[in-house]
Each structure stands twice: as structure tokens, then as C-alpha cells.
1. How many residues does the range 238-273 contain that are surrounded by fewer than 18 Cβ atoms within 10 Å (Cβ to Cβ) and farther than 19 Å from Trp374 by Cβ?
2. Filter the range 578-596 for residues that are more than 30 Å from Phe645 (Cα to Cα) and part of a helix (DSSP H, G or I); which is least open to solvent (accessible area, probe 1.4 Å)?
3. Every residue in the range 212-237 that is among the aromatic types (Phe, Trp, Tyr) and open to solvent by less than 10 Å² (accessible area, probe 1.4 Å), please.
4. Would you mind finding the one in Ala143, Ala179, Ala175, Ala214 that is more than 25 Å from the chain's Cα centre (by Cα) and of a type in the set (Gly, Ala, Ser)?
5. How many residues does the range 461-508 hold that are touching a helix residue (DSSP H, G or I) at 6+ places or on another chain (Cβ under 8 Å) and open to solvent by 30 Å² or more (accessible area, probe 1.4 Å)?
6. Say whether the condition of being of a type outside the set (A, V, I, L, M) and not in a helix (DSSP H, G or I) is met by at least one residue in the range 232-251.
7. Considering each of Lys599, Lys628 in turn, give the residue that is in contact with a Phe, Trp or Tyr (Cβ under 8 Å, 6 or more places away or on another chain), among the basic types (Lys, Arg), open to solvent by 30 Å² or more (accessible area, probe 1.4 Å) and modelled with pLDDT under 85.
8. Could we say that Asp117 is among the acidic types (Asp, Glu), open to solvent by 30 Å² or more (accessible area, probe 1.4 Å) and either modelled with pLDDT under 95 or touching a His at 6+ places or on another chain (Cβ under 9 Å) (or both) here?
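The values are calculated or read from the model by the stated rules, or taken from the named source; none is laboratory data. The shown structure was predicted, so the numbers you read here are calculated from the model rather than taken from an experiment. Positions of Cβ are backbone-derived with ideal geometry, glycine not excepted, and every protein chain shown enters the neighbour counts. Heavy atoms of the whole protein, side chains included, go into the accessibility calculation; ligands, DNA and RNA do not. Shrake-Rupley method; radii C 1.70, N 1.55, O 1.52, S 1.80 Å.
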Amino acid sequence: MNDRIATWLVERRLLLSAISMVLIVAMGFGLAQLKFNSSYKIFFKDDNVQLLAHEQIQDTYTKTDNLMFVVEPLDKQVFSNATLDSVETLTRESWLLPYSTRVDSLTNFQHTKVVDDDLLVADLVEDALQLSAPQIAEIKGVAENEIALVHRLLSDRNHVTAVNISLTLPEESNAQGLATIELVDAARALREQIQQENPNIKIHLQGLTIVNTAFNESAEYDSSHLFPGLFLLIIIMLLLLLRSFWSAMVTTVVIIVGVVISQGFMGWVGYDLNQVNVMAPIIILTLAVCDCVHLLASYLHHLSLGKDKKSAMTEAMKINLAPVFLTSLTTAIGFLAMNTSEVPPFQELGNIAAFGVMAAFFLSVTILPTLSIWFPMKAKAADESKQAWSAKVAEFTINKRRPLLWGVLLVAVGMTSLASLNELNDNTMAYFDESTEFRQASEFMQENLSGFDVINYSLDSGEAGGVNDPEFLKKVEAFSDWYISQPEVVYVGSYTDTLKRLNKNMHADDQAFYKIPESRELAAQYQLMYELSLPYGLDMNNIIDFEKRSTLITVILKDQKAKGIIGVDERAQQWFADNEPELAATGASISIMFAHVGKTNIESMLAGSAIAIILITLTLIIALRSFKYGLLSLLPNAFPAMMAFGVWGVIVGEVDLGVAVVFSLTLGIVVDDTVHFFSKYMRARKLLNKTPEDAVRYAFQTVAKPLVITTAVLVAGFSVLLLSDFTVNAKMGIMISATISIALIFDFLLLPALLMKFDKGVITTPVDASEDNSNQLDNTMQSNAAVK
């Protein structure tokens, strides 16, 4: 059946090419549907518990979408006329930014005091250039003792300050993306304006909008720089390794069309481009090369034997059709296992890559034969001396089979055991390279102003107006006091701070009255007086809800990764359980969301990897028609990724969002080498009646060189990801490249030893006495390894 299908594919190549062109055009129309989604929400399923809690807070209080200007005076003095004037100007102009709904800063902080029994509320700083030294000193004294400012909008050393803009962006992803671009462009222009007016300050951009922008810009960089660079690199490698210009051109056409089809598929199924699935073209491009290399190497070899183009292609298809299809199928299974991921972009990446791999196979057996026969390819007689290295490796593995078997297994087990050194510890800030503007601004803010990670708690009093109940407020105060005592915490914002300040103001600023008002009526009166005195846009909806039923506690953490963030929140939940169970609230924020999704993702991916291993093994058992060979494939398929994790455990020791998916991502890729080696070994055993030792020699002679070429292309392709600003992709590139490299070594050293150990039976299948068939079988000895 294999030979009949191979012959039919070559005979009907023109018809199949025409059908392929129709398919390409149809899928190409899907490209028009593609749009980019840079929102952080794409990393979470709609029913994600942390996302739902975060959205509930967004709906209850002023939205926490924000952009922040972190102002660094070069003379380290915030409280100077020039710096305060710049902050005042920046605050005023920030109200005019697109989608701005609230601006908070040191200068417009609503300072309260009582004059003749009247509560006066006003900006802390007005007309900064006209302030005298004593006035600035008074302002400084107020600011550095104000809980609502220090470690949030003012550093504890008075050398850095910030202006925070609250935003209301469109809900629809495409509109939100365009709005984000508009906003950030305006913010960058304002930053340049203020810096030109006052050369003594440097302004850093921070906030959720800048996080989304960083995601967007990193993806744009990857698609506009890495993909073209990889494409050029692969063409150069093919020219050098295949030494055939036309073979490189055929491969180029196939991979370009394969990428177009896969990207069109994205458009048709409604996937948005994002920071993760943008790397799908890189994966598909590199894997498509592998199919082409095996077919073209065999085709060139048969041309060198004097066959005409059609006959040479027919023989190449007969030899490679089954293993190329099998490798494509198992690779697709590995990618589809990524659907168990808790992160939707990784699910999308798996589906796109699986579709792209099968599309690449289809193109390799339809368009490639037509182009190869049409292009003026020529092949010189092979120089057998250049193949000597594969024979030497074969003899080495045969002669050293026993020490190699136990030695490689021992090393594999040892390296795999080191994987236990890894711990899940994601760091959202570290998703971006240190060279990016966002990463630099984040680290500066964390070192000089405040923390990067935030946790919010919405505490419910149980009744409308209940936020002013003294008993409820005392519970809120107790929770806030406990939180600020935690070593990871630098700031806790609470409604109780405002009420205590007002209570103190209304008692002649007597420090003894810096406490919760004694009655509900008094607290409600203070709150009403204060709100009526606030200017437009600076209401209290950021800390209490419309019904005055619940209040928001905002906690800022410093220098924490996922494990630390989850640990702090777990201690908070324990505090609720031990002290105020009825007050218990789910910690919610983007930091909490990313901290938890990494943990749940690796757990789900472990299940997906197990499913993929089972399915791939069953596929090999059926395809190879051997339960024994199928089980033997487990070792060279599963060990490489586990060994790579062992090395990672020693060098890095932390598994983040990207590294967690490597096992499933590589499982379908590394099986390719195993399939090709197995298929050639079994051909020698069953069709040529060779001994296990001679079958190993045959396998090395036929597939060693193509496997080295495809591994080099794959490693080069995924290594390009190291240049990505998005470190999730960069770390995936490192791990995938390491896993693929280990897999080749494993297949060359351990797999032959396993086969000779467990395959000792004598095959008595008769060989076709036909001279042509015999020659065909013998000629395959170097078909895939030919370099012309």
C-alpha cells in the first residue's frame, strides 16, 4: 500500500499541486482576519478563579487599569521648586491623556485640615514655583508622614515620586489594543515634553498599560526580526548541508506556503495573535524543513545513481512516505497535548503547530515532487569517504553496546533525578529582558519607590452603609495592621487611614484621636464631608463601593516571585480563618493571577504529557506492528526532556510559565528521530534479513546524516528564540534546543544498544529475489544521508 500511494502521489503530482494551490489561496484569505491581542487576560481561561475575583473588584471599584509616571530627580530632591512644578505640570497634563479618569500624585494629594470648625480639603502643592523654603518644608513634613503617599507615590528617602493615572479602556480586545497604543504614544510624548522643560528629571513609564505594551512590542519584535532572521539562517544552512541550490529553493517554497496556511488557519478559527502563538511560524518553519530534507536527500541520492527524475522521486517517496507521515502524526499528537494547558495561548500554539505540521507533510508530498522534478536539479556521484563517520559511530555503538546501554541509562537516570531541584517560581516582571524599557522601569521603581506586585482584598461589611460601622472598621484596621507587619509588604492602603486622619483633623490635629471614630454616625459624617470637598475625579470610589457596603484593601509587595506572592496570600487567608472568618476575601490582582496560573499550568501539562506519551507509544506500536518496539521507544522519547529539566534544575532551578510546557512541546518533536531510526532498522531486519548488528549499521548508513541535518536545523531554529525580548519564549528556546540535542545523542548511543539487547530473534521473512527490488533495497543504504 505504501508503494502504491507513493507511486500515485508522483503520477498525480500536477493535479495534487493544483489542489494544493486552491487550498493555499483559500487558507490565505484567513490572514485578513488576524489581529493582535496584547491584553494580560489572554493568559487566563474565562472561568479562572483569580480572574473572576479580579474582574469583580474592577466592576465594584474604580478600575485598576493604570499608567504611572515614575519621576526621578537627578539631584535626588523631590521637594524643590523645579521638581514640584514638573510634577504639578505632569499631573495637570495627565488628565488630558486619552482614557484618563483619575490622576493621583504628590501635588494633588487631598490634604485635610480644620479651620474655624470647617474641614478644608485642598491640593498639597499649588503654584510650586512660588513656594518659599518654609512652605516646601511644611509640605515635605506632611508628605513624608502620610501613609497614603509613602511607598506608593513618594519614596521613603524623598528622592523619587510618581504620578498615577487610572484609565477606562474599551472592553473589546482589538479596540483596547488600539486604545493602548494611542495612550502610550501620548504618554511618551508628554514624558519627552516634561523632560525637555526640566532636564533635571528623568521619567520612567510603569503600570498595567505599559505591561500590555511590553507584551505587544516584544511580539512585534519577534515576528518582524526573529522570523526573517530564522528564515535566512535556514536557507543558508540548507545550501551548505544539501549543497544544492534548487533543493534549498524547493524547501523554501514549501516552508513559506506552510507558514501561510497555518497563519491563515489562525484567522479562520478566530485566534488572535499574542505573545505566545506568534512563535508558531518559527516552529512550523523548522519542522517543515525536516520533511523536505528526508525526501530531497533520498531524491538526490537516486539521481546520483543515474535514475531519471520521476523514478528517483518515486523511490524517494516509497522509502520515506511512511516514516515522514508517522513523524508528522506523532509530532501533531505531542502538540495537541498542549490543550491540557491552563493557559489559552499555549493551547492555541499547540493547535496551530499541530495543524501546521500536518499541512507541511501534505505540501511535502504534493508540491515538493512537482517542484523537484520541474527544477533543474542535478546530482554528482556520492563520495563514500564522506559517509565514513556514520559507519564509525555504528561500529562504536555495536562494539560498546553493553557499557553504552548501562552507562547512558545511568547518566539519564542521574540527570533526570536532578529535575527535582526545580521549583515553580514565576516572576511576571522577569518575563521581559533586562534591555527592555518596561523591565528597567520596573526594577528602578522596585529599588527606589515601591513594590511591583499588588494584592487587593474587597472586605464586605454585610450591609449597605456598613463601611462606617466602627466594629467593621476595627476588623479592617486589624487586618491592615497585620499585613503591614509582614516582611514582604511595603504599603497597605485602607479606608481606615482616611477616617483616622479625618478624626484627628476634627479634634485639632490631636494625635490621640488618630483612631477609628467612636460611632457609625460620626464616621459617616466625616466621610460625607470629605467626599463633598473633593474635586471632580478624586472621589472615594477607588476604596469604597457605591453602596458603602465594602471597602478595598490594597497591598503592595516588594521583591517577590510567584511562590512568595502565593505564600503571603495564604498567610492572609489563615489570618481570616483564625481571627475574622466572616471577613474572608479572595486575594485578587494581576500578580496573584500570574502567580497561580504558573502552578496550575505545570500540573495540567504533566497530565497532558502523560496522555501524549501514551498516545504516541500506541501510535508507534500500531505503525511498527510491534508491541516490543513501541515500548522500547518510550526511553528515547521521554528521557531527553527529563534530562534537560535536570540540567535546568542545576543551572537555574526555577520553572516558569514557558519552561513548564517544554515537555509536551518537545515530546512530539524528539520522537521523529526515533521513528526514522526504527523504520530503517526494521526495514533491514524484515526485508533484508539482516542481523540486529547489521540492521544497526544499515540504519546509521541511511538516516544518520539526515538526522544530524534536521537536528542542526531544529536547534538553530529554536535557538533563534534566545534573541527574543520575551524571556518566556527565550527560555523555551533554550530548553527545546537542549532537549532536541540530547534526543539525537540518545538515539545514536542508547537506541542501538536497546535494539540489540532486546531484538535477538531471527527474522525469516524471505527477500524478493527480483534484482530490481534487491537493488532498490540496497540503494536505500545511503539514500537519506546523501549530500551532493
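1. So the count comes out to 6.
2. Looking at the filtered set, the residue picked out is Leu583.
3. Result: Phe215, single match.
4. One residue alone meets the criteria, Ala143.
5. Going through the range 461-508 one residue at a time, the tally reaches 11.
6. Scanning the range 232-251, I find at least one residue that is of a type outside the set (A, V, I, L, M) and not in a helix (DSSP H, G or I), so the answer is yes.
7. From the options Lys599, Lys628, the qualifying one is Lys628.
8. The answer is yes for Asp117.
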